[in-house]
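Scroll down for the structure; my scribbles are underneath it.
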Amino acid sequence: MEYEIDTDESASIAVVRALAAYTEARPEELDPLYNVIDPEALANLIDESKVAVRVEFEYCGYDVAIDAEKVYVDENVE
């Protein structure tokens with residue numbers, strides 16, 4: 001699933017919203033993102049990088065990847 005990041009949306013909020021949409025859950029029902037990745041560091045990497053960056057990690061049992069434009073969520077196949 002691909003989730004397009006709004007221009008005024010932070011990277012961490014986009015990740016939580018993308019996973020909530022994918023799992024049909026409310027964002028507040030998900031585990032806090034800071035349990036798996038530092039939201040501030042993620043924002044710095046994605047929002048302020050001068051080069052193309054893609055960050056991949058596991059969140060709530062799903063594979064998540066994010067770049068400057070989109071969040072990608074997929075089933076974890078392990």
Practice task
Let me know the Kirkwood hydrodynamic radius for the chain, please, with Cα pairs as the basis and the value in Å to one decimal.
Solution key: 12.4
Problem - Tyr72-Asp38 pseudo-label distance in nm [points 7 Å out on the Cα-to-Cβ vector] - result: 2.5
Completion exercise
Long-range amide H partners of Val53, meaning residues 5 or more apart or on another chain whose placed amide H is closer than 5 Å, are Ala68
Fill in the blank from the handout: Applied in sequence order to segment 50-67, the curve 6.51 cos²θ - 1.76 cosθ + 1.60 (Karplus, θ = phi - 60°) yields integer Hz couplings, x standing for Gly and Pro, of 8, 10, 5, 10, 10, 10, 10, 7, 9, 9, 6, x, 10, 7, 10, 9, 9, 10
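Assign unit charges at the C-beta atoms only (+1 for Lys and Arg, -1 for Asp and Glu), then state the dipole size of segment 2-75 relative to its Cα centre in Debye, rounded to the nearest 20.
That gives segment 2-75 a dipole magnitude of about 120 debye.
No lab work stands behind these numbers, since they all come straight from the coordinates. This is a predicted model, so every value here is computed, not measured. Here the Cβ is made from the backbone with ideal geometry for all residues, glycine too, and neighbour counts use every protein chain on show.
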